[in-house]
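The values are calculated or read from the model by the stated rules, or taken from the named source; none is laboratory data. The shown structure was predicted, so the numbers you read here are calculated from the model rather than taken from an experiment. When we count neighbours, we look across all protein chains shown, and the Cβ atoms used for this are built from the backbone with ideal geometry, even at glycine. The protein model used for the area step is the full one, side chains on, heavy atoms only, and it has no ligands, DNA or RNA in it. Shrake-Rupley method; radii C 1.70, N 1.55, O 1.52, S 1.80 Å.
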Amino acid sequence: MDTRRCILVVDDTPLFRDLESVFLARSGRVITARDAVEGIAALRRERPDVAVIDLHMPGAGGDDMCRTIKADPEISSTPVILVTGSDAPEDHALAIRAGADDVLAKPLSRVTLIHAVNRFLRSPVLRGLARVRLETVVRIRLPDEDAWGTARNLSRGGIFVELEHPISTSTEVELEFRLPDAPTLLAPTAQVVWHRPGAPDAPMGLGLQFLALDGASAQRIEAFVYEHLPAAAEPLFDATGSEGR
């Protein structure tokens, strides 16, 4: 019997199923499905350790499949990685709102896919996304006024910002910031997911999880993170949660 970790890949396009299966062959035993119906059946039968699911498929999409998984107590603990196939920022937000544990964009980077899957396979205790130090001014757009803060770290999933303006948890905001030496302004929407209380030696801080994030911006953030991540880094938490997502 094959005792390796099991990975479920669900995509209606054979090329992408085959490509992801090749990428992940060394990470575990890969099983595939062509749509959400096959995927749910395979998930209940095989109980994979992680599921990589295309967001847009005929019939029930990946977001519907993710909601089904997260709503069923028997399989709700299965980590779900949703893969978006367009540059639309709304796709990223749709995946997050569906309950995805991670979101990747096509064209898939082999390294990024392997790292994303292995994060769920290495330990039963979920570790956070890789994060790196970042110092840049962040504009936070609110309905009545704008707040300004300073980013201190960044991951593919979110950003940590120090500021003096209190913003309640679950508040959705618009962000504007630039990566160092990059002329292009990044403007995702985000949700406040945790607070760091202010102290005499440290200002108040917010952990913000990205919602609407276009594909080009997601790739720039991903490239920045991996370019600046120490080779031996094993992050225990990221910008989207004080103890990981």
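Within the option set 167, 159, being part of a loop (DSSP other than H, G, I, E, B), buried (at least 17 other Cβ atoms within 10 Å of the Cβ) and among the hydrophobic types (A, V, I, L, M, F, W, C) holds for one residue only, 167. The residue list 129, 134, 142, 121 contains one member that is more than 23 Å from residue 49 (Cα to Cα), open to solvent by less than 30 Å² (accessible area, probe 1.4 Å) and of a type in the set (A, V, I, L, M, F, W, C), which is 134. Restricting the first member to region 212-229 and to residues that are without any contact (Cβ under 8 Å) to a residue 12 or more places away in the chain, and the second to residues that are of a type in the set (A, V, I, L, M, F, W, C) and open to solvent by less than 40 Å² (accessible area, probe 1.4 Å), the beta-carbon pairs closer than 9 Å and six or more apart or on different chains are 227/132. Looking only at residues of region 58-77 that are within 19 Å of the chain's Cα centre (by Cα) and open to solvent by 80 Å² or more (accessible area, probe 1.4 Å), we find that the one that is modelled with the highest pLDDT is 67.
Looking for something more than 24 Å from residue 119 (Cα to Cα) and part of a loop (DSSP other than H, G, I, E, B) - is there at least one such residue anywhere in region 36-54? Reasoning before the result, please.
Residues of region 36-54 that are more than 24 Å from residue 119 (Cα to Cα), as a first pass: 37-38, 41.
Filter again for part of a loop (DSSP other than H, G, I, E, B), leaving none.
Within region 36-54, none of the residues are more than 24 Å from residue 119 (Cα to Cα) and part of a loop (DSSP other than H, G, I, E, B).
Going through (1) within 21 Å of residue 211 (Cα to Cα); (2) modelled with pLDDT of 95 or more; (3) β-branched (Val, Ile, Thr) one by one, residue 30 falls short only on (1).
Scanning region 1-24 for residues that are touching an Asp or Glu at 6+ places or on another chain (Cβ under 8 Å), among the aliphatic types (A, V, I, L, M) and either more than 16 Å from residue 56 (Cβ to Cβ) or free of Cβ contacts under 8 Å to residues at least 12 places away in the same chain (or both) returns 7, 8. From the list 76, 27, the one residue that fits, being in contact (Cβ under 8 Å) with a residue 60 or more places away in the chain, assigned to a loop (DSSP other than H, G, I, E, B) and either touching a helix residue (DSSP H, G or I) at 6+ places or on another chain (Cβ under 8 Å) or among the aliphatic types (A, V, I, L, M) (or both), is 27. Collect the residues in region 79-103 that are assigned to a helix (DSSP H, G or I) and aliphatic (A, V, I, L, M), keeping them in residue-number order. Listed by number, the residues that qualify are 93, 94, 95, 96.
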